[in-house]
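See below for the structure under consideration.
What follows draws every value from the coordinates through simple rules; no lab data is involved. Note that the coordinates shown come from a computational prediction; the quantities given were computed from them, not determined experimentally. Here the Cβ is made from the backbone with ideal geometry for all residues, glycine too, and neighbour counts use every protein chain on show.
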Amino acid sequence: MLNKFIEFNQEDSEAWLELADIYLSKQNFTKAIYCFEEMILNQPKNYLINLRYAETLYSSARVCDNFEELQLARKYFSHAAILKIGKPCARALLGLVQTCQRI
């Protein structure tokens with residue numbers, strides 16, 4: 001039902017986030033990554049979306065040893081850390097360190 005809703009409301013970030021969470025609960029990283037990519041197109045300066053995208057890329061790369069996804073995760077962890085205004089985003093920085101160690 002959520003897929004049909006998104007067909008007609010592609011700019012609804014909450015629906016995309018809910019769909020991504022459903023895919024992540026089933027460990028379907030490829031479809032969850034696609035959902036986060038769509039959300040980034042709608043809200044490119046939202047650090048939380050960039051952070052969740054990076055975490056999903058990192059998790060996917062750990063499962064299938066994909067070096068390109070690790071490099072992309074590193075990029076988006078860095079981007080999320082830069083986008084966070086005020087206090088530094090510890091979650092993004094920790095993800096960046098873990099990704100760099102994994103690479």
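Relative to one another, the C-alpha centroids of segment 1-46 and segment 84-103 are positioned 23 Å apart.
Lysine pair count for segment 2-102 with Cα-Cα distance under 30 Å and sequence separation of 8 or more or different chains is 14.
Quick check: net charge around Arg62, other residues with Cβ under 12 Å of its Cβ, Lys/Arg +1 and Asp/Glu -1? That works out to -2.
Working from Cα pairs under 8 Å separated by at least six residues, relative contact order for the chain is 19 percent. Each residue of segment 88-103 is assigned a 3J(HN,Hα), and the resulting list reads x, 7, 4, 5, 5, 5, 5, x, 5, 5, 4, 5, 4, 5, 5, 5 Hz, derived from the Karplus form 6.51 cos²θ - 1.76 cosθ + 1.60 (θ = phi - 60°), x at Gly and Pro.
When restricted to Cα atoms, the chain yields an Rg and a Dmax of 13.6, 42 Å, respectively.
The orientation-averaged projection of the convex hull spanning the C-alpha atoms of segment 19-66 amounts to 3.0 square nanometres. Sorted largest first, the principal axis extents computed over the alpha-carbon atoms of segment 1-41 equal 25, 22, 13 Å.
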